[in-house]
Structures are given as C-alpha cells and as structure tokens.
1. In the range 64-77, how many residues are within 14 Å of the ligand (Cβ to nearest atom) and part of a strand (DSSP E or B)?
2. Residues of the range 10-43 being surrounded by 15 or more Cβ atoms within 10 Å (Cβ to Cβ) and at positive phi, which ones?
3. For residue 46, state whether it is buried (at least 17 other Cβ atoms within 10 Å of the Cβ) and either in contact (Cβ under 8 Å) with a residue 24 or more places away in the chain or under 11 Å from the mean Cα position of the chain (by Cα) (or both).
4. If residue 24 passes every condition in (1) free of Cβ contacts under 8 Å to residues at least 12 places away in the same chain; (2) in contact with a helix residue (DSSP H, G or I) (Cβ under 8 Å, 6 or more places away or on another chain) but one, which one does it miss?
5. Could you check the range 78-117 for strands (runs of 3 or more DSSP E) lying wholly inside it with 1 or more residues that are more than 16 Å from the ligand (Cβ to nearest atom)?
Ligand code: FES
C-alpha cells in the first residue's frame, strides 16, 4: 500500500461542473472505485459508492452531475449530493454522505494525498 501522493489526472482534465475522472483507490484493504470532479474551482474526490446502496453513481461513465450541474446524482435511485461536501440533500439516503478522499492540485496535476492513510477519512 503506497503512502505517497499519487497523480490522478491533469488539472485540465476536470472542467468546472463537467465530466469527472474515475480512478481506483486502496481503502480499508480493498481496491475501490473513486472519482474526482471540479466544483467552484475546487477539485473534490469521493469513493464511487452511493450512501444508499453501495453502487457506483455515474449514469454514464464519468457523468456525476445532474442536469442543473449544481449537484451530484446517483443513477440508481436519484440520491442528490452537494458536490463540495458529498452530503446527501435529497433522496433515500438524505443526511448521509459520500466518503470524501483527500486531493490537492500541484503543478497542473490532481494528486491523491497519502493514499496509504486514507482509511480514516
Ligand atoms: S443506490 Fe444510490 S440512490 Fe439508491
């Protein structure tokens, strides 16, 4: 399990409220699906696992935003999440949250920070 930062993608691969980038991450001893999006200029990343039932959110590969581009939405039953907090504001898991992952931007790249220590996020 790596403990160093890992490059997810180039910064310009994440347009504001646009298509997200999928990646995998080691989390609690398992390789899990994850994704990153940009909202309000900031990159946010989460496990790609709905807080309702553990299925992936995107309705087409990399498509996480709803039609308004203001929220992330789960394709299965429509749980609606704030993009910058991962908090579910509407749907069957209202009040729960996506599992956030620590990311940063450095030198034009999006970095997953300290992958080996994110089990406690
Ligand atoms: S599985 Fe996501 S809303 Fe039900």
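Readers should treat all values here as calculations from the given coordinates under stated rules, not as data from a laboratory. Computed from a prediction, not measured in an experiment: that's the story for all the values here. Because the Cβ atoms are built from the backbone with ideal geometry, glycine has one as well, and the counts that use them run over all protein chains shown.
1. Of the residues in the range 64-77, 2 are within 14 Å of the ligand (Cβ to nearest atom) and part of a strand (DSSP E or B).
2. If the condition is that a residue be surrounded by 15 or more Cβ atoms within 10 Å (Cβ to Cβ) and at positive phi, then 17 is the only one that fits.
3. Details: buried (at least 17 other Cβ atoms within 10 Å of the Cβ): yes; either in contact (Cβ under 8 Å) with a residue 24 or more places away in the chain or under 11 Å from the mean Cα position of the chain (by Cα) (or both): yes.
Spelling it out, residue 46 is indeed buried (at least 17 other Cβ atoms within 10 Å of the Cβ) and either in contact (Cβ under 8 Å) with a residue 24 or more places away in the chain or under 11 Å from the mean Cα position of the chain (by Cα) (or both).
4. The failed condition is (2).
5. Those strands (runs of 3 or more DSSP E) span 103-106, 109-112.
The rows are residues; the columns are (1) within 18 Å of residue 36 (Cβ to Cβ); (2) touching a helix residue (DSSP H, G or I) at 6+ places or on another chain (Cβ under 9 Å); (3) without any contact (Cβ under 8 Å) to a residue 60 or more places away in the chain.
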site: 79; (1), (2), (3): no, no, yes
site: 87; (1), (2), (3): yes, no, yes
site: 93; (1), (2), (3): no, no, yes
site: 103; (1), (2), (3): yes, no, no
